[in-house]
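Comments concern the structure below.
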Amino acid sequence: MGWARQEYEALGIPFHLRGKLTDQHLQQIRTAWEDDADHSSGGIPIWVGGMSDAALRRAVRYGEAWHPA
């Protein structure tokens, strides 16, 4: 997700929405992988990183692995 506010400003994306947007994107990826007609190669392991409570929740909800950094 990132922590550098400047990166989000450069792209015109509100920094405070980064968690919500990441969750939405991960859910869309998971949904696409559930439909063999849409994505026939199957799922790809998602590693979620971060030390915040939100990162840990995201790892449990969307990931196959967690990385602390």
## Note on the structure
The residue that is surrounded by the fewest Cβ atoms within 10 Å (Cβ to Cβ), considering only those in the range 1-26 that are more than 20 Å from Tyr62 (Cβ to Cβ) and in contact with a helix residue (DSSP H, G or I) (Cβ under 6 Å, 6 or more places away or on another chain), is Arg5
### Query
What is the residue count in the range 1-51 for residues that are modelled with pLDDT of 90 or more and touching a strand residue (DSSP E or B) at 6+ places or on another chain (Cβ under 7 Å)?
3
### Query
If a residue has to be touching a helix residue (DSSP H, G or I) at 6+ places or on another chain (Cβ under 7 Å), farther than 16 Å from Met1 by Cα and surrounded by 12 or more Cβ atoms within 10 Å (Cβ to Cβ) to count, how many in the range 27-69 make the cut?
3
### Query
Which ranges mark the helices (runs of 4 or more DSSP H) fully within the range 5-62 that have 3 or more residues being among the hydrophobic types (A, V, I, L, M, F, W, C)?
18-34, 53-62
### Summary
Pairing a residue in the range 16-27 that is among the polar types (S, T, N, Q) with any residue that is part of a helix (DSSP H, G or I), where Cβ atoms lie under 8 Å and the two sit 6 or more apart in sequence or on different chains, gives Thr22/Arg58; Gln27/Tyr62
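The values are calculated or read from the model by the stated rules, or taken from the named source; none is laboratory data. These numbers were taken from a predicted model, which means no experiment stands behind them. As a convention, Cβ positions derive from the backbone with ideal geometry for all residues, glycine included, and neighbour counts pool all protein chains shown.
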